[in-house]
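Taking it in order: structure first as structure tokens, then the write-up.
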Amino acid sequence: MATATVETITQNLPTLSLRSSPTDGQEQSEEPYRYAHLLPYFSPETYPPLTPFEHIDPASRALSHSNPRSFLDNATSVTELTPQLGTEVRGVSLAQLDSDARDQLALEVARRGLMVFRDQEEFLESGPDFYRAWGRHFGRLHIHPTSGHPQGIPELHLVYKDANTTFNYELEGSLSTTVWHSDVSYEQQPPGLTTFFLLSQPTTGGDTLFTSQISTLKKLSPQFVAFLRTLKAVHSGVEQAEYSRSGKRGGVVRREPVESVHPVVRRHPVTGEEALFVNRQFTRRIVGLKREESDNILRFLYDHIDKSADNQARLKWAPNTVALWDNRITAHSAIVDYAESKERRHGARITPQAERPIPALEGLQLDD
């Protein structure tokens, strides 16, 4: 898609409006979209390759705290979504957390995989400068190579779909919209703690599925896990870039795609937990195996991830909800089941990068 066409699409997006319900027999009136300033923009600006950096996980600072869950002391409810994955919290304002409490939050996300905070209007209304400052507490902010972002705010990754437009990654001709992935796992230093919220959402549908990659690994036999620890796999951003180059999702590629080799089983740097680290969207092959061997092992692992509902949690969005998850130990998928309603789903993601994945098998070399 040519840049001029992309810019035309972007310029048209802010004209989208919300219709209020008619009252007293009056005709419906149009109102400006409240978050028009955060609609997708597809800048033609390009970026150089990412450079390595040292990541210090803020969760490690909370380990020495006398009560690393004290940031939840004033919560009105703390509910585990499943035994192994996910906690829902009410009564805690994320926007009010100080640096120490944010460290504790990072540790709790590392332990639970997913944290869902309801009634976070103050967070959503704090704006882009706050979003960036929030994300930088947890790591270096990632700028997505192909997705839309608000104009002038490249660090805010957007997902967007309405009645006429989609800038999501959607596979046409597939039986399911479920695509399990860990965000941009093709980067040499993929994300750690991620923050995501919806600015606009359908009345029903548009949920997000999560799975614990710690639990999926633990379900496997010890002998098979021991074998998986010896393996490393290629994660690739090439297909995602080509998807954009074909004119979809905004049609820009700001940074040339990369491929990285990661351990199939990684170790969390703070909790020490081991997690499966392959995903259907970005993992392409297992290094050193013949194609048929690699394909069969990966297909088995993907099917295990897909079908293991006992490792999964489903997030039903509500206004002013903020979700935080640890990309190192979870995978997730959006559910695009609301297309026929023609309603808008507009989400924003703050994506700090973390360390290069640490192999669960000590001594496993990733660069050879």
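Where a number appears in this text, it was derived from the coordinates with a stated rule and is not lab data. Since the structure is predicted, the reported quantities are computational estimates derived from the model, not experimental observations. Please note: Cβ atoms are built from the backbone with ideal geometry, for glycine as well, and neighbour counts cover all protein chains shown.
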* Using Cα centres only, tell me the gap between segment 334-362 and segment 191-267 in whole Å. => 8
* Structure fact -> per DSSP, antiparallel bridges as share of beta bridges in the chain, % nearest 5, sits at 95
* Structure fact -> Expressed in Å to one decimal, the Kirkwood Rh of segment 219-368 from all distinct alpha-carbon pairs is 17.8
* Jot down the per residue volume, in cubic angstrom and as a whole number, of the convex hull over the alpha-carbon atoms of segment 84-212. => 153
* To do: Taking only Cα atoms and a 10 Å spring cutoff, compute GNM fluctuations for the chain and point out the largest among ASN320, ASN67, ASN279.
  => ASN67
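Within 14 Å, Cβ to Cβ, of GLY205, how many net charges do the neighbouring residues add up to if Lys/Arg are +1 and Asp/Glu are -1?
+1
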* **Dimensionless Rg ratio for segment 241-324, taking C-alpha atoms and the 2.2 N^0.38 Å reference** => 1.43
* Structure fact -> Expected unfolding gain across HIS65-ARG255 under the 0.36 nm per residue rule, minus the alpha-carbon gap, is 64.4 nm
* Asked: Out of GLU108, GLU122, GLU259, any idea which swings most in a Gaussian network model of the chain, alpha carbons joined below 10 Å?
  -> GLU122
* What is the local net charge at VAL89, summed over the other residues whose Cβ is closer than 13 Å to its Cβ (Lys, Arg +1; Asp, Glu -1)? -> -1
* Asked: Among the aspartates and glutamates, which have Cα under 13 Å from the Cα of LYS161 when same-chain residues fewer than 8 positions away are ignored?
  -> GLU170, ASP337, GLU340, GLU343
* Structure fact -> So for R0 = 30 Å, FRET eff. of THR204-GLU292 from the Cβ-Cβ r, to 0.05, ends up at 0.10
* **For segment 90-111 versus segment 270-287, the gap between their alpha-carbon centres in whole angstrom** => 26
* To do: Scan the chain and hand back the longest stretch that contains none of the trypsin sites (Lys or Arg not before Pro) lying in DSSP loops with at most 15 other Cβ atoms within 10 Å.
  => 70-218
* Work out the FRET efficiency for ALA163 and GLU31 from their Cβ-Cβ distance, taking R0 = 22 Å, and round it to the nearest 0.05. => 0.85
